Every structure is written in structure tokens, then in C-alpha cells.
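J.: I have a structure I would like to understand better, so I am pasting it below and will then ask my questions one at a time.
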Amino acid sequence: MQPDPSPGAGSAIRVSDRVREAVAAGRPVLALESTILTHGLPRPRNLEVGLQAEAMVREAGVEPATIGVVSGIPVVGLEPDDIRRLCTTETVVKASTRDLPIARAQRLDAGTTVAATAWLAHRAGIRVFSTGGLGGVHRGAGETFDESADLPTLAVTPITLVSAGVKSILDIAATLERIETLGIPVVGYRTDRYPGFYVADSGFPVPARVESAGEIAALARARDELGLPSAVLVANPIAEADQLDPAEHDRVLGEALQAADDAGITGHDTTPFLLDHVQRETGGRSLEVNLAVYFGNARLGAEIARELAG
């Protein structure tokens, strides 16, 4: 799939003028997803974070491109009024790639997942994308086959994605195995350990380590020169001083998993149930960790975007 940075007026995807012009001129652009705003944060904090993240990226000399769906139209480069709409609309849904045609046909407002955001960003010619945590293989997937669409989409979408690993509510070992099977390169940013979102070390190693945004840009260029189709995943751990206490994290996660089992929670309801439980049981500290992760990944993503544009 080739990037299409300037779709015509009749296109099903709307790319803002500022993003299209930046891509065409070779200036750095950073994609940001919107489900953290629509489904990951409480109101009105979500709107504050959405606007703050864009301002921070812009101050770093990079054009922010928050991506979402407005009245059925996927938008690459949401304007402030669009972000405000998605952050306040009661009926906003979550859209992965499979949901985009449904959202379009039914004219829905939607926050885009990692999969949908990466696909839309690449279509618009954007090379770098920052998010909080990846989707992955869920616990018990051997019976349920519950695996995020993020992984197969990233296997065929050549973008550089910065995340803090996958959320620890998932099966991290199985997720890393699937990432390897799908041929997606993973590097740790100044770490030899794969992060677990709320904690800096999930207990698993990364296959390679990089020390700078310049090294990451060189890796992305090498991927492109080889003609490989997959994303490059950059694992950027939260600082140990900002993480949840690992012992508390393990205890609360165990309680959350047991509560979900007791309540018969399954399928797509599992993740929001577990995250809500963790937030309540940590007195909201997990939310602050979430924000530290997100802003840290946006800062690193902006650095990589500048290097790739240089």
C-alpha cells in the first residue's frame, strides 16, 4: 500500500490542509490517536490532554496530526473544534480498521484505535505515530482467540510507532511471540527490557536496543530501503520514578483479573473493566501514569519525526 498524502476532494479520507502541506514539503509530522481521548480519559481531562499534546508537539517544531472520525469521515489532522466534539459527544464510538466503513455508512463520530490510526496516518504519508500502549494478545486467547487488530495491521503498515509496550492486563509473552511471528521489528529506547505500560519492565527482554532518535530514524530508513512492509515498534518505558510500584501493580492486577472472572466479563468489555478497576484501586494513580506515558511517547515521536525529515 502506497501513501496517498493528497487525496482529492471526493476522497473518503479528509487530510487537513496544514498536515497535507507539511507532508508535501517534507516537514516533520507526528500522528496521534484519539481513543485515549474518547475512551481512555475522563471528561474534561480528555480535552485538556488532547489540546496539550498537540501544543507540546508543535512547540517541538513538529506538526501534530490527531486522527479520528467526524460524522463518518476519517480525519487526519483534527482541528480543535473536532477534538472538542469527540471529547464531549456522548455517542462517540471506538473504531478499528474494520469499523471505518460502518462509521462512514452510519455517519458516526469515533475515536480511532492504534490500528485505524496507523493505517490512516500511512495513507496520508505520515511516517511517525505516538500512542500510549499497544493492543495485543489477551489472556486466555488460546480458547477465545482474542487478539487486537493492532498487531496484524502493524505487520503491513510501514510506520514508526512509539509506545510504552502493551498494557499489563494483556498476555505480554504471547503478544511478543505474535509480534515476532508477524515480522515486526521491536527496539527498546535506552532499555534492554520490554516495558509493561504502567511499569518500566514487564519481565521480558527486547531483541535490540537504541540510544537516540537518530538511531531509530536510521532503522526506519533501513526498513524502507529493504522494502519491508511492517511498522517499527519503539518501546519507550516510563521512568522508574513515575511508574506504579511494581508490587502494588501486581496485586491490583491480580484482583482486577479475579473481579472480571467473577463478574463474567469477556470479549471487548474486558479491557475497559480491568483498566477501570486498576484506576479505582490505585486511587487514580494509574491515570497519572497513563498521562506520563502518553506525553513521553509524544516527545520521543516528535524527535524521531524531526530526524526523519532532516
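The values are calculated or read from the model by the stated rules, or taken from the named source; none is laboratory data. If you're wondering where the values come from, they're calculated on a predicted model, not measured in any experiment. Backbone-built Cβ (ideal geometry, glycine too); neighbour counts: all protein chains shown. Just the protein is used for accessible areas: all its heavy atoms, side chains included, with ligands, DNA and RNA removed. Shrake-Rupley method; radii C 1.70, N 1.55, O 1.52, S 1.80 Å.
J.: Roughly speaking, to the nearest percent, how much of the chain's 1.4 Å accessible area is carbon and sulfur? Before the final figure, lay out each step's value.
T.: Values: 6840 of 13280 Å².
Accessible surface attributable to carbon and sulfur in the chain totals 52 percent.
J.: Given the Cα-Cα distance of R98 and A155 and 0.36 nm per residue of separation, how much length would full extension add, in nm?
T.: Numbers: separation 57, 0.36 × 57 = 20.52 nm, distance 1.57 nm.
Result for the pair: 18.9 nm of gain on full extension.
J.: I would also like to ask the following. Throw me the Rg/Rh for region 94-165, computed over C-alpha atoms with Kirkwood Rh, two decimals. Present the calculation step by step, with values, prior to reporting the outcome.
T.: Working: Rg = 12.9 Å, Rh = 13.0 Å.
Taking Rg over the Kirkwood Rh, I get 0.99.
J.: Can you quote the Å³ per residue value for the convex hull of the Cα atoms in the chain, rounded to an integer?
T.: Values: hull volume 38.8 nm³, N = 310.
Considering the Cα atoms of the chain, their hull volume per residue is 125 Å³.
J.: Now for a separate question. From Cα coordinates alone, what are the radius of gyration and Dmax values for region 1-155 in angstrom?
T.: Cα-based Rg and Dmax for region 1-155 come out at 15.1, 49 Å.
J.: For A173 and A25 in the same chain, what is the full-extension length gain: residue separation times 0.36 nm, less their Cα-Cα distance, in nm? Write out the running numbers ahead of the final one.
T.: Details: separation 148, 0.36 × 148 = 53.28 nm, distance 4.13 nm.
Taking 0.36 nm per residue and subtracting the Cα distance, the gain is 49.2 nm.
J.: Calculate log10 I(q)/I(0) of region 195-258 for q = 0.21, 0.23, 0.29 Å⁻¹, where I(q) comes from the Debye formula with a single equal point scatterer on each Cα and nothing for solvent.
T.: Taking Cα atoms of region 195-258 as identical point scatterers yields -0.90, -0.99, -1.24.
J.: With a 1.4 Å probe and every protein chain left in place, work out the accessible area per residue of the chain in Å², rounded to a whole number. Don't jump to the answer; show the numbers that get you there.
T.: Working: 13280 Å² over 310 residues.
Solvent-accessible surface per residue comes out at 43 Å².
J.: Let me ask another. Let me check I have the definition right: for region 51-98, take the eigenvalues of the Cα gyration tensor, multiply each by 5, take square roots. What are those semi-axes in whole Å, largest first? Please report the intermediate quantities before stating the final value.
T.: Numbers: eigenvalues 93, 31, 14 Å².
Ellipsoid semi-axes (Å, largest first): 22, 12, 8.
J.: When the dipole is taken about the Cα centre of the chain, and only Lys, Arg (+1) and Asp, Glu (-1) are charged at their Cβ, what size is it in debye, to the nearest 20?
T.: Numbers: 28 positive and 41 negative charges, 197 e Å.
Computed charge dipole of the chain: roughly 940 debye.
J.: Evaluate the charge dipole of region 54-169 about its Cα centre and quote only its size in Debye, nearest 20, assuming +1 on the Cβ of each Lys and Arg and -1 on the Cβ of each Asp and Glu. Please report the intermediate quantities before stating the final value.
T.: Values: 11 positive and 13 negative charges, 33 e Å.
Dipole size: approximately 160 debye.
J.: While we're on this one: If one computes the Cα centroid of region 62-77 and of region 178-255, what distance in Å separates the two points?
T.: If we compute the Cα centre of each part, the gap is 26 Å.
J.: Quick one: Kirkwood hydrodynamic radius for region 208-298, alpha-carbon pairs, angstrom, one decimal?
T.: 15.9 Å
J.: Using a/c under 1.5 as the rounded threshold, could you call region 141-268 rounded, prolate or oblate? The axes a ≥ b ≥ c are square roots of the C-alpha gyration tensor eigenvalues, and prolate needs a/b larger than b/c, oblate otherwise. Walk me through the numbers before you get to the answer.
T.: Values: a/c = 2.95, a/b = 1.44, b/c = 2.05.
Oblate.
J.: Something else now. How large are Rg and Dmax for region 68-227 when only the alpha carbon atoms are used, in Å?
T.: Looking at region 68-227, its Cα Rg and Dmax stand at 16.6, 46 Å.
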